[in-house]
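The values are calculated or read from the model by the stated rules, or taken from the named source; none is laboratory data. Only a predicted model underlies this, so the values are computations on that prediction, with no experimental measurement involved. Methodologically, a virtual Cβ is constructed for each residue, glycine included, from the backbone with ideal geometry; neighbour enumeration extends over all protein chains shown.
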């Protein structure tokens, strides 16, 4: 007998769920039911500054109101820092990450100096400038000296070294579609992100490292999430290759947009499920509003 397919809905407790979250949760539940699979709930709360217990309670309330059930127990990322540390240590040992000491001000100044000479600076798919990579050239002795002095730093992926180690093209299976209609086997091109942050001195993980770790440890077979994370999948596939982790299927779905055509955010309270519920809207109306 084959193992069941495993889906997951993974919100962050930094605000109330809105229509976009409702669509993602309902679609995960629908696809899990059609596959006779499981749906897990994961609370992605590594950002302890913005996470709050009241928002986590709101997640449970909103999902219950929608009629969405999930397998127990719920996984909270904040309770599994040791698991992320294990993978970070493997990346450090393999020299796939390096300590980067440049502050945001240092980065801006470096880029400004470069652009002053007329050279354009590359950006990632989100429009942010790529990290200069200056710290990649520091000697082991200088890195050790700075770390022991207490200098703040982030662990950044050495993209060039990581890709050299993998030394083969790799892809992911896309069940939805990308921003320009990509579907099926999608070639991964993580280099477009540059040397991304995987952890910080005081925090042994980041979004990228924690999600691939959690998906592997929870046996997730199908990652169903918004199209805004389509390009990030290339980083996740690279980490799976470096850490010998299973490769799930991916399904990037449409985003629910506001009247202004922009992606919904938790700061726009009029689309929050709690606000819609207070207006007297029903779960059936929410399903119709998101096209399900």
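Quick notes on this structure:
- When the test is whether a residue is surrounded by fewer than 14 Cβ atoms within 10 Å (Cβ to Cβ), not in a strand (DSSP E or B) and not assigned by TED's automatic domain parsing to the domain that holds residue 274, residue 69 does not pass it.
- Subset of region 183-223 that is closer than 13 Å to residue 88 by Cα, more than 15 Å from the chain's Cα centre (by Cα) and assigned to a strand (DSSP E or B) - its residue that is modelled with the highest pLDDT: 200
- One residue stands out in region 39-54 among those that are more than 17 Å from the chain's Cα centre (by Cα) and either closer than 18 Å to residue 13 by Cα or modelled with pLDDT under 95 (or both): the one that is surrounded by the fewest Cβ atoms within 10 Å (Cβ to Cβ), namely 49.
- Qualifying residue in region 24-38 (condition: assigned by TED's automatic domain parsing to the domain that holds residue 212, over 21 Å from residue 216 (Cα atoms) and surrounded by 19 or more Cβ atoms within 10 Å (Cβ to Cβ)): no
- Among the residues listed as 66, 130, the single one being closer than 24 Å to residue 208 by Cα and modelled with pLDDT of 95 or more: 130
- Within region 168-205, the set of residues being within 22 Å of residue 130 (Cβ to Cβ) and loosely packed, with under 13 Cβ neighbours inside 10 Å comprises 169, 179, 180, 187.
- Look at (1) surrounded by 14 or more Cβ atoms within 10 Å (Cβ to Cβ); (2) in a helix (DSSP H, G or I); (3) in the same structural domain as residue 209 (by TED's automatic domain parsing) and you find that residue 113 fails only one, number (1).
- Any hit, region 42-52, residues being touching a residue at least 60 places away in the same chain (Cβ under 8 Å), out of contact with any helix residue (DSSP H, G or I) (no Cβ under 7 Å at 6 or more places or on another chain), over 29 Å from residue 166 (Cα atoms) and not assigned by TED's automatic domain parsing to the domain that holds residue 243: no
- Any pair with Cβ under 8 angstrom, 6 or more apart, that starts in region 4-23 at a residue that is outside the structural domain of residue 287 (by TED's automatic domain parsing) and ends at one that is crowded, with 22+ Cβ neighbours inside 10 Å and part of a loop (DSSP other than H, G, I, E, B): none
- Just one of the listed residues (60, 98, 84) is in contact with a helix residue (DSSP H, G or I) (Cβ under 6 Å, 6 or more places away or on another chain), in a helix (DSSP H, G or I) and either within 26 Å of residue 199 (Cα to Cα) or without any contact (Cβ under 8 Å) to a residue 60 or more places away in the chain (or both), and it is 84.
- Residue check for residue 229: crowded, with 24+ Cβ neighbours inside 10 Å, touching a strand residue (DSSP E or B) at 6+ places or on another chain (Cβ under 8 Å) and modelled with pLDDT of 95 or more: no
- Failed criterion for residue 260 (all others in (1) at pLDDT 95 or above; (2) surrounded by fewer than 21 Cβ atoms within 10 Å (Cβ to Cβ) hold): (1)
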